[in-house]
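Enquirer: First the structure, which I've put down as structure tokens, then a few questions once you've had a look.
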Amino acid sequence: MSLRIYTDRSKVIKDLLGRSKPPKWRIPNLIPMDLCLALRRWLPVWIMWTLIVMLYLVYVFVIQPRALVNAIFQLHFLFLVVSYLRVIFTSPGYAIPGLVDEDECDPASPEHRWCDLCDLPKVEGIHHCSHCGHCIQFMDHHCVFINNCVGLRNHKYFLLTLWYATLTCGQMVIGSTTRLWTKDGASSSEEYSPWREGLSRAMWVLALVLGLVVGLFLSFHLYLIRHNITTLDFIASREGRPSPHPHLRRICGETPYIGLWLVPCIAPTTSSYTSVDQEDVQQNKSIPFKNAQT
């Protein structure tokens, strides 16, 4: 038996690796990598939908609010579901070649940068999203709870989702408080079982925490709109104009009826940029920049 004396750690590692033999069997890849990435991206969305459905079922079938309160809650919850679906599946507004006149872009200007991945100029309001792999018009941020970017076309639905989520959570907290801690909520002949009371209290805590978090997030975005900046501008400490009307109308649409801003079924219309779907990005269509309508 020969004894080797090593003076270098790398030789020890190479010798051990040389002695080791490759395994005769391998664990098969039962789940494709693309499917794993898709599940990881959509997991936060499914978690949010699970919380929304659970809170709705407990409030409607366990708390059982009064008819008028329940009708108002159903309307707000319907708008919440529609807003959430639209912010998930609506294109944020992709920037494509031909959207901006390249002759008007000054490469030396810090406001006119160039995206090497998309091969197009990044003028004011256009940012490249590493998650989506595209440049987004008036990109605010990429949200994992919608698996999408918040941009020009779906920013209104994002704000409405926050607004109606805050309203519905507030109604749940008020309704469950009336039911649990006052005598006016339940009739004298009805007794609350322990499991129903436990579900009601859990729903009250969850709705309170979720409503506070979403409400603070909504207040932050209203602050950004008030100063005419986006989340990326806030992180980069960029200054905005004090007037909220240009940014607010670009988000909610240039309509004379301000009440339509609260309806998630009506798409916003703006004349700032051309709205582009992902199909147009893949087909590489050239759309003029000036005087464009979404």
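Enquirer: Which of the numbered conditions does H112 fail, given that it passes all the others? Conditions: (1) modelled with pLDDT under 85; (2) of a type outside the set (D, E); (3) under 26 Å from the mean Cα position of the chain (by Cα).
Expert: For H112, the exception is condition (3).
Enquirer: Could you please give the count of residues in the range 135-148 that are more than 17 Å from L218 (Cα to Cα), part of a strand (DSSP E or B) and in contact (Cβ under 8 Å) with a residue 60 or more places away in the chain?
Expert: So the answer is 2.
Enquirer: Let me ask something additional. Picking from I96, I52, which residue would you name as being modelled with pLDDT under 75 and surrounded by 12 or more Cβ atoms within 10 Å (Cβ to Cβ)?
Expert: When all the criteria are applied, what remains is I96.
Enquirer: Here's something else I'd like to know. Looking at the range 200-221, I want the residues that are farther than 17 Å from M48 by Cα and have a partner that is among the small types (G, A, S) with Cβ atoms under 6 Å, at least 6 apart or on another chain. Which pairs are those?
Expert: As it stands, the answer is S200/S176, since those pairs meet every condition given.
Enquirer: For the range 223-237, enumerate the residues that are loosely packed, with under 14 Cβ neighbours inside 10 Å and part of a helix (DSSP H, G or I). Please lay out each step first, then the result.
Expert: Looking only at the range 223-237, we keep the residues that are loosely packed, with under 14 Cβ neighbours inside 10 Å, and these are 223, 235-237.
Selection gives Y223, I235.
Conditions tested, residue by residue: (1) of a type in the set (S, T, N, Q); (2) within 15 Å of F158 (Cβ to Cβ); (3) at pLDDT 75 or above.
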| residue | (1), (2), (3) |
| --- | --- |
| S219 | yes, yes, yes |
| I229 | no, no, yes |
| H247 | no, yes, no |
| G259 | no, no, yes |
| S275 | yes, no, no |
| N284 | yes, no, no |
| F289 | no, no, no |
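Enquirer: Pull out all pairs, ordered by first then second residue, where Cβ-Cβ is under 8 Å, the residues are six or more apart or on different chains, the first lies in the range 149-178 and is under 17 Å from P268 (Cα atoms), and the second is acidic (D, E) and at pLDDT below 95.
Expert: C149/D140; V150/D140; G151/D140; H155/D140; F158/D140
The values are calculated or read from the model by the stated rules, or taken from the named source; none is laboratory data. It should be emphasised that the depicted structure is a prediction, and the values quoted were computed from it without experimental measurement. No Cβ is skipped: glycine too gets one built from the backbone with ideal geometry, and neighbour counts run over all protein chains shown.
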